[in-house]
Amino acid sequence: MDTQLKNLLDYNIEELESIVKAMGQPAFRTKQLWEWLYKGADFSEMTNLPEKFRSSLAENYRSGKLGVKAKLCSKEDDTVKYLFSLGDGNLVESVLMKYKYGYSACVSTQVGCKMGCTFCASTKAGFVRNLTSGEILGQIVTMNADMNIRIGHVVLMGIGEPLDNYDNVLDFLKKAQSEKGLGISYRNISLSTCGLAEKVIKLADEKLPITLSISLHSPFDEQRSDMMPVNRKYPLDKLFDACNIYTLSTGRRITYEYALIEGVNDTKEHAAKLISLLKGSLCHVNLIPVNKVEGTGYEKASKKNIAAFKEMLEKGGVNATVRRTLGQDIEAACGQLRRAAESDSAQ
Ligand code: SAH
């Protein structure tokens, strides 16, 4: 494993052009190389490029295609979970889901996470580093190549906090949307955040028509601070102010993610408070039966409570859906596979 190799997917087309030029190749090779990179090809597969050019590329660069360390296919549905190894040997997870409208990928933005949410598997072993834009793209191009498909929807809901890696994530969004890149419309991209309010305001300024998801999980400041330490810095009033700015600036409806945990945040009082906070704003609540993560002590809310919670929100004028859980048999909830692999290698 050579950590000195630079990832070609980290460059934009002008930068790639100067690399190609500096290697004494004609300009048209840039387009050929660029197309291969976005197809998730290895240098050995780039058959219309001269062999010498390919071998000198390989001395200094990697193609951006990631190593597949593990791949789990659900027997219950078409969900596939990947454990990818990055150039430096760090591991991240991605999940591929098949819907009626096509393929959707859930990708990671960091190795580990600093945010410390009590219910989340991704944060347990701490934070290692940010992913580069090329490493985020790499997850998509590798899945496209591996399955011979074209992913049309992306959710930034894998390992990490996307807004804590703002510049690389923004660069990723632009390359993913660009016709020369992956050509995925902004409307088909969702970014999920635990609530870094200042960065939400910064993102609002970019005016990208992506969907913003906010991981809410409790409508009470005290409880949310216990579950999600980020709430101490950005309490609910600051977060909602930022969300209002986002909606005003982009015209986009915000999704609030709410993982229902038995006896913790699934009561009538929680639903009533949530209604008082959200009623009248352009939003939608996505209710998720919490995924059990060892060591958290949290259990899924009962089906009865989930249905009652949803009904209460709707009667109170707040739009709500219950998220369909996919890939249950392969622990498709992010963070769990990497956590298992890291503790295996630590033994
Ligand atoms: N850091 C970002 C994105 C990664 S988490 C964020 O916080 O939004 C993606 C989503 O999964 C978030 O809504 C997160 O709160 C949720 N999540 C994390 N652990 C979970 C669990 N055990 N059960 C259900 N949802 C969980």
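Read-outs: derived from the displayed coordinates by stated rules, not from any lab. As the structure is a computational prediction, the values presented were derived from the model and not from experiment. Please note: Cβ atoms are built from the backbone with ideal geometry, for glycine as well, and neighbour counts cover all protein chains shown.
For the chain, the share of alpha carbon pairs falling in successive 10 Å distance bins from zero is 5, 24, 32, 23, 10, 4, 1 percent. Annotation: amide H-H contacts under 5 Å for residue 267 (H modelled 1.01 Å from N, sequence separation of 5 or more, or interchain): none.
Less than 5 angstrom separates the built amide H of residue 112 from those of 128, all sequence-distant by 5 or more or on a different chain. Put a dot 7 Å past the Cα of residue 35, heading toward its Cβ, do the same for residue 202, and the two dots end up 3.7 nm apart. A DSSP coil position with no more than 16 other Cβ atoms inside 10 Å describes the following trypsin sites (Lys or Arg not before Pro) in the stretch 114-147: 114.
Taking a ≥ b ≥ c as the square roots of the eigenvalues of the Cα gyration tensor, an a/c ratio below 1.5 marks the stretch 6-62 as rounded. For residue 69, the residues 5 or more places off, or on other chains, whose built amide H falls under 5 Å of its own are 83, 84, 85. Taking a ≥ b ≥ c as the square roots of the eigenvalues of the Cα gyration tensor of the stretch 123-241, is the shape rounded (a/c under 1.5), prolate (a/b larger than b/c) or oblate? It is prolate, given that a/c is not under 1.5 and a/b is the larger ratio. Compared with the dominant principal axis of the Cα atoms in the chain, helix 268-278 is inclined by about 60°. Summarising the label geometry, the points placed 7 Å from Cα in the beta-carbon direction at residue 281 and residue 18 lie 4.3 nm from one another.
Looking at the stretch 1-80, the trypsin sites (Lys or Arg not before Pro) that sit in a DSSP loop and have at most 12 other Cβ atoms within 10 Å of their own Cβ are 75.
Using only Cα atoms, tell me the angle between helix 166-177 and the longest principal axis of the chain; keep it within 0 to 90° and round to the nearest 10. Approximately 70 degrees, to the nearest ten. Which entries of 69/304; 39/71; 174/273; 71/100; 75/268 have Cα-Cα distances beyond 29 Å here? Violating the 29 Å limit, Cα to Cα: 69/304; 174/273; 75/268. Couplings 3J(HN,Hα) of the stretch 124-133, computed from phi: 4, 8, x, 10, 10, 6, 6, 7, 7, 4 Hz, in residue order, whole Hz [Karplus 6.51 cos²θ - 1.76 cosθ + 1.60, θ = phi - 60°; x for Gly and Pro].
Dividing the helix sum by the residues of the chain, where each DSSP H run of 4 or more adds -39500 (n - 2.57), gives a mean residue ellipticity at 222 nm of -11000 deg cm²/dmol. Other residues with beta-carbon under 14 Å from the beta-carbon of residue 207 carry, at +1 per Lys or Arg and -1 per Asp or Glu, a net charge of +2. Across the stretch 75-83, rounded Karplus estimates of 3J(HN,Hα) from the backbone phi angles (6.51 cos²θ - 1.76 cosθ + 1.60, θ = phi - 60°) give 8, 7, 8, 8, 6, 10, 10, 10, 10 Hz, Gly and Pro being marked x.
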